[in-house]
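Report on the following structure.
The values are calculated or read from the model by the stated rules, or taken from the named source; none is laboratory data. Predicted model, so just to flag it, every value in this text is computed and none were measured. No Cβ is skipped: glycine too gets one built from the backbone with ideal geometry, and neighbour counts run over all protein chains shown.
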Amino acid sequence: MIRQFIYDQVIEALEHLGYTHDKEIIIEIPNNKEFGDFSTNAAMILGKENKIAPKILAEQLIKEFKKIKAFKKVEIAGPGFINFVIAPAQYFELLWQINKADMEFAQSDYGKNEKVMLEFVSANPTGPLNIVSARAAAFGDTLYRVMKWLGYDPLREFYINDAGNQVDILAESVELRLREIHGEKLEEFPFEAYHGEYVRHLAQKLNSQEGIRIFMMPEKERMEHLKDYALNEIHLMQENSLEKFGVSFDSWVSEKTLRMEGVVEEVLSYLAEADCTYEKEDAIWFCSTKFGDDKDRVLMKSDGSITYFVPDLAYHLTKLQRGFTKLIDVFGPDHHGYVPRLKAAFKALKYDDSMLEIIFLQQVNLFESGERIKMSKRAGKIVTMDDLLSVVSKDSARYFFIARKANAHLNFDLELALKKNSENPVYYCQYAHARICSILKKAKKDKVLPKTWNKELITKLTKTEELALIKKMTELPELLIGIAEQREPYRLTVFVEELAGMFHRYYTKYQIVNDKHKELSQARLLLINNIKNVLAISFELMGISAPEKM
RNA sequence: GCGCCAGUAGCUCAGUAGGAUAGAGCAACAGCCUUCUAAGCUGUGGGUCAGGGGUUCGAAUCCCUUCUGGCGUGCCA
């Protein structure tokens with residue numbers, strides 16, 4: 001809010017003085033408080049192109065800024081920085097705006113209704129969701145919420161790979177477990193099959209529903225039946241896990257359905273028409289190296305079946321056909337070799353590959369008592385999302401999952417997530433919210449809390465901590481834009497921790513409600529009420545609760 | 001081998017428009033509740049920003065290079 005204002009003033013002053021500003025200047029918050037509330041490097045950056053010494057340019061600009069009431073003090077410092085101190089009256093005005101915006105603060109039409117496709121989780125329908133999926137769910141959903149808040153038109157989509165090899169193996173695994181139930185002795189459970197307990201449960205459930213009847217079906221029909229059954233059950237299981245996590249998808253797209261609609265043939269013909277395919281060793285290849293990939297890729301295997309890539313490419317093309325102008329995929333850490341071929345296909349088909357944006361989430365390591373918990377997919381020993389949620393609350397889990405940059409490994413400390421003190425940032429932040437609620441409640445009971453807020457009250461706020469709190473809140477609108485554009489939800493957790501910390505310190509230092517100073521009390525109540533709102537909005541965007549009592 | 005990602009305090013991490021003296025939290029130690037929630041606050045110590053070169057008024061941040069770790073490198077999905 002303020003940053004943009006200062007930026008505009010600088011540009012205006014430059015133009016008024018007849019200087020050019022071809023190079024980008026910055027308005028920043030100095031990390032040393034002695035340098036004021038904001039500072040700009042404009043004079044240093046633009047000195048050269050205007051053939052003037054930075055310090056002289058700075059002096060001239062400062063002369064212009066002296067006329068502006070919003071600035072209490074403007075100074076030159078160091079090699080040509082211009083430091084601004086914002087007038088309290090300006091902060092009061094901003095607080096009043098925040099107050100008026102209420103629970104809609106920082107909402108905007110910034111995104112101009114751009115249709116953005118957010119594809120995330122998209123886990124294989126062959127087992128329960130694991131913790132990397134949980135990370136993806138928290139990440140994608142938070143990004144969705146922020147984009148929505150900023151006036152984009154985002155859609156959350158889950159792509160189900162319910163066709164191909166792995167699904168056959170799933171059906172076979174269920175069949176083996178069924179045979180086990182009926183007393184057949186298995187030599188050894190095949191290495192490639194799915195070993196998880198859930199396969200047994202699926203078999204048991206199916207057995208109790210249909211019993212021996214299954215084995216009376218012809219082989220082919222039976223496998224189809226097992227496939228449909230298992231896929232449907234697992235889909236429901238996954239949807240249920242996500243729901244417990246507070247994540248719902250706007251759309252689920254099935255690979256099988258896509259295939260039935262004939263998109264595979266379409267894509268193959270598009271690529272052939274573009275002259276990008278050839279035959280070698282009984283297989284059909286895509287010459288992706290021509291478009292930046294490091295090797296050519298098989299489209300149709302020598303046995304006549306199709307590779308995963310073809311329907312997936314078709315799927316991405318449907319996103320474009322549906323009018324999305326930005327396709328964001330959130331992938332696990334093991335897929336990055338896959339991107340060049342997707343991008344290559346976009347280029348081959350003359351689509352703008354910059355519309356396709358892929359975010360990689362790095363792996364999640366679970367720690368307990370300082371020990372890393374080992375996970376093994378093969379042995380069915382994965383820690384599932386449900387396992388995690390049975391131990392850790394939804395709030396804690398979501399917070400921890402978004403609290404790191406996407407491309408950094410995430411160490412999830414189970415003990416820490418369970419702690420209920422300041423070591424655990426979730427509680428630290430939620431506690432600030434609960435504390436404020438408690439104060440407001442007491443103020444209401446004591447009849448200090450006014451029915452409606454009065455703008456004049458704000459002028460009672462003169463402490464540096466109070467102005468600093470207002471300043472911090474005004475950062476939210478710009479922060480959210482940064483989060484949406486850089487796809488970096490973690491920055492929201494940094495903001496919330498800072499704001500909560502500032503409040504806790506303020507609370508300890510000053511008494512908010514004091515019978516002897518009614519107006520001051522009311523002004524402070526107005527301030528903390530807005531802090532509460534800003535915290536609640538941030539929590540809402542992260543998908544975690546804003547408790548009124550703890 | 002090649003490709004992608006990462007390396008900041010003992011630990012987990014900020015430092016996102018290239019800015020001024022690199023910051024938090026935890027852990028360690030010393031304190032604060034007759035007063036609105038102590039799930040909180042205050043203070044102390046702690047750094048070769050992995051190493052080296054370069055770009056420039058100025059680099060943790062950009063470029064090159066070396067080292068270390070993770071992942072990828074299927075006619076798997």
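Only one of these conditions is not met by A:V253: (1) in contact (Cβ under 8 Å) with a residue 40 or more places away in the chain; (2) among the hydrophobic types (A, V, I, L, M, F, W, C); (3) more than 30 Å from A:L118 (Cα to Cα). Which number is it?
Checking A:V253 against (1) in contact (Cβ under 8 Å) with a residue 40 or more places away in the chain; (2) among the hydrophobic types (A, V, I, L, M, F, W, C); (3) more than 30 Å from A:L118 (Cα to Cα), the one that fails is (3).
Would you point out which residue out of A:K532, A:K472 is away from RNA strand B (no atom under 12 Å from the Cβ) and over 21 Å from the mean Cα position of the chain (by Cα)?
On the way: A:K532 fails: away from RNA strand B (no atom under 12 Å from the Cβ).
When all the criteria are applied, what remains is A:K472.
Among the listed residues A:K463, A:K441, A:K445, identify the single one that is closer than 30 Å to A:A397 by Cα and either within 15 Å of RNA strand B (Cβ to nearest atom) or of a type in the set (V, I, T) (or both).
Working: A:K463 fails: closer than 30 Å to A:A397 by Cα; A:K445 fails: closer than 30 Å to A:A397 by Cα.
Answer to the check: A:K441.
Any idea which residue in region A:20-56 is farthest from A:E466 (Cα to Cα), counting only those that are hydroxyl-bearing (S, T, Y) and modelled with pLDDT of 90 or more?
So in region A:20-56, the residues hydroxyl-bearing (S, T, Y) come out as A:20, A:39-40.
Adding the requirement that they be modelled with pLDDT of 90 or more leaves A:39-40.
Numbers: A:S39: 21, A:T40: 24 Å.
In this case the residue turns out to be A:T40.
Which number in (1) in the same structural domain as A:I131 (by TED's automatic domain parsing); (2) surrounded by fewer than 12 Cβ atoms within 10 Å (Cβ to Cβ); (3) part of a helix (DSSP H, G or I) marks the one condition that A:D275 misses?
So A:D275 meets the others, but not (3).
Residue pairs, Cβ under 9 Å, 6 or more apart or interchain, first in region A:421-437 and within 8 Å of A:A500 (Cβ to Cβ), second within 6 Å of RNA strand B (Cβ to nearest atom) and modelled with pLDDT of 90 or more. List them.
Listed by first residue and then by second, the contacts come to A:Y428/A:G501; A:Y428/A:H504; A:C429/A:G501; A:Y431/A:H504; A:A432/A:G501; A:A432/A:H504; A:A432/A:Y507.
Can you tell which of A:E233, A:E261, A:E281 is of a type outside the set (A, V, I, L, M), farther than 23 Å from A:L388 by Cβ and away from RNA strand B (no atom under 16 Å from the Cβ)?
Details: A:E233 fails: farther than 23 Å from A:L388 by Cβ; A:E281 fails: away from RNA strand B (no atom under 16 Å from the Cβ).
From the options A:E233, A:E261, A:E281, the qualifying one is A:E261.
How many residues does region A:6-20 hold that are within 11 Å of RNA strand B (Cβ to nearest atom) and surrounded by fewer than 17 Cβ atoms within 10 Å (Cβ to Cβ)?
Here the count works out to 3.
Return the total of residues in region A:2-52 being farther than 14 Å from A:F84 by Cβ, in a loop (DSSP other than H, G, I, E, B) and of a type in the set (A, V, I, L, M, F, W, C).
Adding up the residues that qualify gives 2.
Please work out if A:L231 is more than 16 Å from A:T126 (Cβ to Cβ), assigned to a helix (DSSP H, G or I), in contact (Cβ under 8 Å) with a residue 24 or more places away in the chain and in contact with a helix residue (DSSP H, G or I) (Cβ under 9 Å, 6 or more places away or on another chain). Let's see the steps before the verdict.
Numbers: more than 16 Å from A:T126 (Cβ to Cβ): no; assigned to a helix (DSSP H, G or I): yes; in contact (Cβ under 8 Å) with a residue 24 or more places away in the chain: yes; in contact with a helix residue (DSSP H, G or I) (Cβ under 9 Å, 6 or more places away or on another chain): yes.
So A:L231 fails the test.
If the requirement is being within 15 Å of RNA strand B (Cβ to nearest atom) and β-branched (V, I, T), which of these qualifies: A:T318, A:T289? Reasoning before the result, please.
On the way: A:T318 fails: within 15 Å of RNA strand B (Cβ to nearest atom).
Every option except A:T289 fails the conditions.
Given the residues A:Y399, A:Y351, which is the only one that is more than 23 Å from the chain's Cα centre (by Cα) and either modelled with pLDDT of 85 or more or not assigned by TED's automatic domain parsing to the domain that holds A:A138 (or both)? Working first, answer last.
Details: A:Y399 fails: more than 23 Å from the chain's Cα centre (by Cα).
Among A:Y399, A:Y351, only A:Y351 is more than 23 Å from the chain's Cα centre (by Cα) and either modelled with pLDDT of 85 or more or not assigned by TED's automatic domain parsing to the domain that holds A:A138 (or both).
Kindly check whether there is at least one residue in region A:402-424 that is in a helix (DSSP H, G or I), under 25 Å from A:L361 (Cα atoms) and modelled with pLDDT of 90 or more. Spell out how you get there, then give the answer.
Step one: list which residues in region A:402-424 are in a helix (DSSP H, G or I), which gives A:402, A:414-418.
Narrowing further to those that are under 25 Å from A:L361 (Cα atoms): A:402, A:414-418.
In the following step, the residues that additionally are modelled with pLDDT of 90 or more were identified as A:402.
Yes, region A:402-424 contains at least one residue that is in a helix (DSSP H, G or I), under 25 Å from A:L361 (Cα atoms) and modelled with pLDDT of 90 or more.
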